[in-house]
């Protein structure tokens with residue numbers, strides 16, 4: 001497999017989920033081996049999409065370098081990972097990536113419509129060689145080598161919603177190629193009784209039923225209902241895929257998690273890179 005970028009510039013307008021700020025976003029083709037880089041047009045500064053630059057994981061994944069912030073990067077990064085976009089320059093005129101419809105579907109659709117450009121350098125990937133695990137007081141995440149019968153990235157997640165929604169699991173085998181239909185349309189979600197708390201934390205200023213599922217008494221209050229029966233769990237997979245892409249590479253292995261979120265996945269990446277024996281950089285097939 002070779003590296004990819006987008007074929008042409010793509011423009012988006014939207015609102016930040018947490019800041020409520022209106023934002024313009026541009027995706028530009030990028031050269032081989034450059035990865036994903038965010039450029040704050042209003043500050044004339046840039047930030048590499050890397051786990052090393054994560055400064056906060058409270059209800060979103062946020063990057064920061066030299067007083068330059070880029071918030072809520074996970075859905076856009078998930079789209080890049082799901083479509084195998086290796087290199088892209090992201091120009092933004094505010095501090096938060098627009099939430100669009102709460103999923104990565106709008107990003108995915110526009111990238112596919114514009115086209116993906118094959119590049120001349122081979123794509124490398126991280127192959128998990130040893131079990132790596134991060135535990136916290138409410139859940140865990142772990143990365144394991146694939147079995148001989150497994151290929152690509154495999155994800156198994158289990159969640160409990162503490163009596164606010166039915167507990168669920170999801171198992172995604174070899175996400176390669178299935179992302180647009182299986183994952184990209186799953187929207188972010190929240191619970192009705194938590195809205196006031198989130199507002200008190202200066203969050204979800206741009207939140208609405210147009211960009212999030214809101215669950216009340218075990219049911220979505222969104223008039224259109226759910227896009228998938230297990231849309232909440234599929235969105236958790238969407239977030240995992242985006243946060244894992246902060247590794248800088250596609251990952252070949254198995255991700256298992258219980259009550260996973262941005263905090264767990266970020267810290268799992270930190271554990272992964274503590275020891276080079278945990279993984280091997282290979283040319284992706």
* residue 65/residue 198 FRET efficiency (R0 30 Å; Cβ-Cβ; nearest 0.05) -> 0.70
* How long is the gain from residue 113 to residue 218 if the chain were fully straight, where each residue apart is worth 0.36 nm and the alpha carbon distance is subtracted? -> 34.2 nm
* To do: Give the Rg/Rh ratio for the range 12-60, taking Rg as the radius of gyration of the Cα atoms and Rh as the Kirkwood radius, to two decimals.
  => 0.98
* Gaussian network model of the chain, Cα springs within a sub-10 Å range: biggest mean-square fluctuation belongs to which of 16, 64, 225? -> 225
* **Burial ordering of 18, 75, 84, fewest other beta-carbon atoms within 10 Å first** => 84, 18, 75
* **Compactness relative to 2.2 N^0.38 Å, alpha carbon Rg of the chain** => 0.95
* Structure fact -> The simple spin-label model distance between residue 148 and residue 58, using points 7 Å out along Cα→Cβ, in nm, is 5.0
* Asked: Give me the log10 of I(q) over I(0) for the range 2-123 at q = 0.21 Å⁻¹, as the Debye formula computes it from C-alpha points; what are the numbers?
  -> -1.24
* How far is it, in nm, from the label point at residue 156 to the one at residue 228 when both lie 7 Å from their Cα along the line to the Cβ? -> 1.8
* Using only the alpha carbon atoms of the range 194-248, find the Kirkwood hydrodynamic radius as the inverse mean reciprocal pair distance, in angstroms to one decimal. => 13.1
* **Volume per residue that the Cα convex hull of the range 125-283 spans, once the total is divided by residue count, Å³** => 129
* To do: Nearest 5 is fine: what % of DSSP beta bridges in the range 125-283 come out antiparallel, could you say?
  => 65
* Given the C-alpha centroids of the range 177-252 and the range 125-148, what is the distance between them in whole angstrom? -> 23
* Could I have the simple spin-label model distance between residue 169 and residue 43, label points 7 Å from Cα toward Cβ, reported in nm to one decimal? => 4.3
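Only the coordinates and a few stated rules stand behind these numbers; no lab work does. Everything numeric in this text was worked out from a predicted model, so none of it was measured. All Cβ positions, glycine included, derive from the backbone under ideal geometry; neighbour counts span all protein chains shown.
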